[in-house]
Every structure is written in structure tokens, then in C-alpha cells.
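The values are calculated or read from the model by the stated rules, or taken from the named source; none is laboratory data. Quick caveat, the model's predicted, so the values are computed rather than measured. FYI the Cβ positions are ideal-geometry reconstructions off the backbone, even for glycines, and counts take in every protein chain you see.
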Amino acid sequence: MSSNQMRTGKPETFTYDDEIVKKFVIATLLWGAVALLLGVTIAFQLAEWRFNFEIPWLTFGRLRPLHTNAAIFAFCGNAIFAGIYYSHQRLLKSRLFSDVLSKVHFWGWQLIIVSAALTLPFGITTGKEYAELEWPIDILITVIWVVFAVNFFGTIIRRRERHIYVAIWFYIATIITVAVLHIVNSLEFPVSFTKSYSLYAGVQDALVQWWYGHNAVAFFLTTPFLGLMYYFIPKAVNRPVYSYRLSIIHFWSLVFIYIWAGPHHLLYTTLPEWAQTLGMVFSVMLWMPSWGGMINGLMTLRGVWNKVRTEPSVRFMATAVTFYGMATFEGPLLSIKSVNAIAHFTDWIPGHVHSGTIGWNYMLISGILFYLVPKLWNTELYSKKLAHQQFWLATFGLVLYIVSMWVAGITQSLMWRAMDDAGRLIYPNFIETVIKIVPMYWVRAIGGTSVLISFIIMMYNFYRTIKQASVKEETIYEAYALDASSIEAHASAHRKLEGVPMIFSVLSLIAILVGSGIEIIPSLLADKYIVKVSAIKPYTPLELHGRDIYIKEGCYTCHSQTVRPMAHEVVRYGKASNAAEFVYDHPFQWGSKRTGPDLARAGGKYPHMWHYKHFWDPREMTAGSIMPRYHWLFDQKLPYTGIPAKMRVMQKLGVPYTDQQIASSIDDAKAQAKTIADELAQSGVPAKLAEMEIVSLIAYIQRLGIDYGSVPDEPAQEEK
């Protein structure tokens, strides 16, 4: 019996704000279609380079960041807010704290999404994966997240239920952790309204970025959805969650362990070995709490498997939890160093990611929407038959995607690593691997198209459902006000903790700060133990601008810039990377995928004319290349006047540019551009090329690895 039932006196009346939930539901459907359409587009661009259309804002490098942001923050983000706002009110028996804040939250979040759509395709990006949005948008994200948090915690304060249910535990962890992740990773120094440089460089930036990147998946695509799972699965089958004790273990172990796992993205890099080991160990440990949540979800469905066959909401939710279990087994597996050595930089990783985002997030969102839409619009679902067709199309497409990427990834790795008895590469030309896996790219594109079609079917199903909706009067609910003095004398310690949500929130914050501090703080002091190499010099003014073009065009989405200390990589690319190489890189450019070869040692490997022709038509230099053409770089003039401002910001960030170098930067850049253009002119290239952006990009590529290539094999002997 609840404390409300034991009270006497007159209960309070209240209503729920379901209009805001409807808004987020509609936004979820609209942005979900956009995210999937973008995903299918870039899948076909990898299968056939002509689908880049030679339009700057429609190339793979520009659209891939837009796809990830749309999928994570637009599609999943709106779904999270819809589910939280619906369940939060009902679990607390209270209307949301502020209708005004709810509206500000909704429209502010849509403004963020539109801002991403208006900047990323035009190359306005920080170049940090899943955090590409520039500093003004980062500030807007922070403001809107605070609005969400105030509305959320304000509702908790005015609640009529003493104890916060398990779903709310996960919501709390999400709000707190995402705030910490976003603020720390987004620290940057503005150059202009549309350009900034990361506060961190090299190794530090890599660790902070993947502490953020991994935990953006953890605390934006996992913990809030686990909270939604704990609410909507019991509601859909009308039975309590399987195990309250298991939910406690699941929550605290997951929140504490997850935050440590980021370094598993950086195995075999120049990140300190202790940090890599911590990341691997905690990633393997993560399997246990993850499967605890899966077991709790699936066991809640025991005895009602007939509903899995007949009810769309239950079918999608059961499938989502199953794929969650598969993805959270594969993740720890991929974090083991020996397995990571095979999988990292290959297409296996996108396959793993999409088994989670489609199998877990898309499937669970679908199940939640099939539960919510008929209730919100007071009607019956238009067609269960369409829902089942959607399910099988989505499942078929997802299986095609995963299997094709498993095959492609393993093929890539085996070909990259293949060496004969004499220590020579069996496949010395990187393009051999690319040609081999193009058929798998076609299979992935077909699978993605199947998922997109399934989503369109769901949109049509909900359109017809909403169209037949009947008008429903606002329901008035009754509940007693919270009696702050009432305490359950014999309740467990955790049960009592659930009655003091602010303390619960502080403990959640401490849980995620422990691992974060132990891993991040030493990395920020890395300059104290990274051996300085005198041969490593800052980029010249022209090279610095060329690096920005490299980032603008999204080259980092297909190329890495770090050579791991493995025999086949050293033979293929050259000397293994050293932490000192990256001390002037704001942000780092180690990459996470090798659709093309690593570029860490690309400098001086080919003459300027090779790069000129390569960017004009990659297939002229490398038969079978799937890289798009970059004709616009030959027509866009270099903005020389902006170079001094970039160098001044770099100077403030610790890059040792002198005032004299900054003062002469425009002249120096023009002189270096002329040198490159003069060499190209000898092959018949027009002299006006010295004014175009392609020259600065060639300058940057030609610099990569040059400094470190002249360093002895024992750089640690140099002075600190």
C-alpha cells in the first residue's frame, strides 16, 4: 500500500501536459526519416562515388557528420524527450514543472537540429566526432539542456510520489552525465563566429574526445533508453518489472563502470598504456551490468510471449532488448586488445554501432511510439498488419547491414595484415582491399534502404492513426500531496534513498566523476611526461589553413592519421606514431575508420602534381577509388586575411608562434603557395592556382609525417 493510500483528507487535482509529448513524437518521426535518408545516401556514396554528385554540401565527408548528429540528437533525442516527459509525469503524479520551459525546450532543441543542418553540410565543423557543432551551437545546447534539467528536477520537487521509480534513476544519470560530457569536451577557443579550435591537443584531445564519444553512446543512446525500457515494457504487458534488486545492481554498476570505457577506442595508439588497459578492463566488466538490464527486460516479458506475436509495441520492445544484449556482448568483445587489433578502423565497427542504433534504439522507439500514439490521440492503431510489415523489413535490413559489415571488416583486416615469410605485404596497395569490399557496401545500402522503407511505413501508419483520432477531454487526476514527514521505518537503505532524489542525483554525479577524473586529469597533465621532440614544428600558415580545409571536407571520416606499432602497419605506412607528433594538433586527427589509407606519413610520398590530379579525379591516380572529386577546391580562393586570427588563437593555446610569424603570416602563406604553384606550372597547371584552396590542402598533406620522419628511433633521449 502506498503512502498516498494511507493518507486522509482531500486529494489534489491535476492534469498532465501531453501536448508537449505529442510535439516531441511528431518531431521524432520527421527527424527519424531525415536521419535514415541521410544514412542511406552516404551508404550509396560508398558503394558508388558518383552519388556524391560533385556538389560540395552533398559529399560523404560533409553528410556523414550530419547523419550521425541527426540520428543521435534529432531522432533519438526527440524520442527520449517524448518518452521522459510522458513517463516522468505519471511516475511522479505531477504535471511538468513549467509549460513555458517545456515549449522552450522543444523549440530550442529543434533550433539546434536546424542549426546543425545549416552548418555541417557547408563545412562549418570542429572535426570532433559526434561533437562537430561549432561553439555558438554548443552554447545553445548547454542552455537548452539546463532548461530540460530545471523542468525535470522541478517536477521531481513538486511530485506526489515519495519514491522515484527505476526509470527516473536512469533519467537522472542521463541529464547529469550528458551535461558533464558536453561541457568538458566542448571547451574551445573561438577564432570567429563559425570557427574555433579545441582547447586540447593531440593525446589529450583524443582521450577527452573518446571519453565523450563513447559515453555519448552510453548516456544518450543507452541509459535514457534503459529508463524508457523500465517504464514502457511493464506498462505494455501490464506487469511489474522482473526484479527490483537486479534493477538496483544494474543501475549503479552500469553508471559507475560505463564512464571508464572510452579509452578502448584508442588501443594501440600513443595514449599511455595504463589508460588503454583501464579502458579495456572496464569495457569487459561492462558486459555484466548490461546483460543484467537485458535479463530484467526480457524476464519481465515471461509468460506473455503471445503479445510478442500479436502486439506491435511488445514485439518491437522485445526485439530491441534482444539486440541490446547482442550489442553489449559485442562491445566488450571488441574492446579486448587482440580483437580490437583486428576490428579497429574496419567496417566491423559501423556494423557494431548500427546493431545498437537500429536494433536497440530504432526498435525500442518504434515500440514506445506504438504504445504512445493511440493513447495520446485517443484512438486505435490504424493497421497492425502494416506494423508487422515494418518489423520484418526493419529486421531484414538490419541483418543485411550487420552481416555485410562483419564480412567487410574481417576481409579488410585480413588483407591489411597479410604478410609473406619475407615480411612483405601480400596486398601492398590499399585499393585492393577497397575493391574487394565494394559488393558489401552495396549490400549495406540495400539493407539501409529496407530500414528506411520500414520507417516510412510506420510514418504512414501513424498518419492514418492520428487522422482518425477522436477529441478527448483533458483527464483530471487526483492524488495526495507529498507528506515530507512520512518515512517508511522498515524500508531498505536504497528504498530510503529513492525518497531523497537530490541526494540520489549527487551520488550519481560522484559515480561518473570517479572514473572520469582518474582517466582525464592525468591526460590534461600529459605535457609533463610527453617527451618534447625539437624536430616537431608548428604548421606553417598555409599548412594550418590546409588542415582546416581537410577538416571542413570531412577527410577524417575516411582517413586516419596514426600508425599503430604493428608490423604490417609499419611496413605499409612507415614509423609508428609517437605522442610528441601531435602536440600542435587542435583537434587531433587520428580518425576512427580507414575507408582510405592512413595519412600519417603521406608527406613527400608523392609529388605535388600527384595530389593535384588525385583531388581532381582520384581514379586517374588510383584505379577503383571510391573517393569523390573535389573540383570546387580548384575554384575557391584562399581567404588569406583570416590566417593571422587563426594563428593568434593557436598561440593562445600554446602553439609557439611568434608575433613576428603572425605578422608575416599572409606573406609567408602566399610565398609557400607560389612555390607549390610554380612546381605545378611546370606540368602545365595554370599559374592562378596559387590563389586557390587546393594549394593549401596540398601543402598540409605534404607536411604530414615529415618532421617526425627525421627524428631518431629513440626520441625519448631528447630533452624534455
ask   = Condition test on Glu273, is it acidic (Asp, Glu) and either at pLDDT 95 or above or touching a Pro at 6+ places or on another chain (Cβ under 9 Å) (or both)?
value = no
note = Thr411 meets each of (1) surrounded by fewer than 19 Cβ atoms within 10 Å (Cβ to Cβ); (2) modelled with pLDDT under 95 with one exception, condition (2)
key: So Ile487, is it assigned to a loop (DSSP other than H, G, I, E, B), buried (at least 19 other Cβ atoms within 10 Å of the Cβ) and either at pLDDT below 95 or among the charged types (D, E, K, R) (or both)   = no
task = Sort out which residues of region 413-450 are assigned to a loop (DSSP other than H, G, I, E, B) and among the charged types (D, E, K, R), and write them in order of number.
result = Asp420, Asp421, Arg424
inquiry  = Condition first: buried (at least 16 other Cβ atoms within 10 Å of the Cβ), free of Cβ contacts under 8 Å to residues at least 40 places away in the same chain and part of a helix (DSSP H, G or I). Can you find one or more residues in region 702-717 that meet it?
reply    = no
inquiry  = Return the residues of region 163-200 that are of a type outside the set (Ser, Thr, Tyr), closer than 26 Å to Ala82 by Cβ and part of a loop (DSSP other than H, G, I, E, B); say none if nothing qualifies.
reply    = His163, Ile164
Members of region 559-575 that are touching a strand residue (DSSP E or B) at 6+ places or on another chain (Cβ under 7 Å) and in a loop (DSSP other than H, G, I, E, B) = Ser560
request  = Could you grab me the full set of residues in region 251-265 that are of a type outside the set (Gly, Ala, Ser), in a helix (DSSP H, G or I) and out of contact with any Leu (no Cβ under 7 Å at 6 or more places or on another chain)?
outcome  = Phe251, Trp252, Leu254, Val255, Phe256, His264, His265
note = Within region 246-265, the residues that are of a type outside the set (Val, Ile, Thr) and crowded, with 24+ Cβ neighbours inside 10 Å are His250, Phe251, Leu254, Tyr258, Trp260, Ala261, Gly262, Pro263, His264, His265
ask   = Where residues in region 450-478 are of a type outside the set (A, V, I, L, M) and in contact with a strand residue (DSSP E or B) (Cβ under 8 Å, 6 or more places away or on another chain), which of them is farthest from Val373 (Cα to Cα)?
value = Glu478
request  = Take Ser355 and decide whether it is out of contact with any strand residue (DSSP E or B) (no Cβ under 7 Å at 6 or more places or on another chain) and in contact (Cβ under 8 Å) with a residue 60 or more places away in the chain.
outcome  = no
query = Does Leu254 count as closer than 17 Å to Gly279 by Cα and at pLDDT 95 or above?
reply = yes
query = Among the numbered criteria (1) under 29 Å from the mean Cα position of the chain (by Cα); (2) closer than 30 Å to Ala387 by Cα, which single criterion is violated by Glu473?
reply = (1)
task = Starting from region 639-668, keep only residues that are free of Cβ contacts under 8 Å to residues at least 12 places away in the same chain, then list their pairs with residues that are surrounded by 15 or more Cβ atoms within 10 Å (Cβ to Cβ) and outside any helix (DSSP H, G or I) whose Cβ atoms are within a distance under 6 Å, requiring at least 6 positions of separation or different chains.
result = Gln651/Tyr657
note = Of the residues in region 235-245, those that are under 16 Å from Ile164 (Cα atoms) and surrounded by 17 or more Cβ atoms within 10 Å (Cβ to Cβ) come to Val241
ask   = In this structure, does Ile476 turn out to be surrounded by fewer than 16 Cβ atoms within 10 Å (Cβ to Cβ), touching a residue at least 12 places away in the same chain (Cβ under 8 Å), β-branched (Val, Ile, Thr) and within 30 Å of Phe170 (Cα to Cα)?
value = yes
ask   = For Ala681, are the conditions met, namely being at pLDDT below 95, farther than 28 Å from Ala535 by Cβ and either of a type outside the set (Lys, Arg) or not assigned by TED's automatic domain parsing to the domain that holds Val570 (or both)?
value = yes
inquiry  = Criterion first (closer than 16 Å to Ala74 by Cβ and surrounded by fewer than 19 Cβ atoms within 10 Å (Cβ to Cβ)) does Ala149 satisfy it?
reply    = no
remark   = Exception for Tyr130 within (1) outside any strand (DSSP E or B); (2) of a type in the set (Ser, Thr, Tyr); (3) touching a His at 6+ places or on another chain (Cβ under 6 Å) falls at (3)
key: Conditions (1) surrounded by fewer than 22 Cβ atoms within 10 Å (Cβ to Cβ); (2) under 23 Å from Ala27 (Cβ atoms); number of the one not met by Leu369   = (1)
request  = Would you point out the residue of region 505-558, among those that are of a type in the set (Ser, Thr, Tyr) and surrounded by fewer than 17 Cβ atoms within 10 Å (Cβ to Cβ), that is modelled with the highest pLDDT?
outcome  = Ser534
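Kindly check whether there is at least one residue in region 91-98 that is closer than 21 Å to Leu221 by Cα and of a type outside the set (D, E, K, R).
no
So that you can scan it fast, the table gives a plain yes or no per residue for (1) more than 21 Å from Gly596 (Cα to Cα); (2) surrounded by fewer than 20 Cβ atoms within 10 Å (Cβ to Cβ); (3) without any contact (Cβ under 8 Å) to a residue 24 or more places away in the chain:
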{"residue": "Leu393", "(1), (2), (3)": "yes, no, no"}
{"residue": "Val399", "(1), (2), (3)": "yes, yes, no"}
{"residue": "Arg417", "(1), (2), (3)": "no, yes, no"}
{"residue": "Asp420", "(1), (2), (3)": "yes, yes, yes"}
{"residue": "Pro428", "(1), (2), (3)": "no, yes, no"}
Residue among Leu513, Leu524 that is touching a residue at least 24 places away in the same chain (Cβ under 8 Å), farther than 16 Å from Ile248 by Cα and not assigned by TED's automatic domain parsing to the domain that holds Ala173 = Leu524
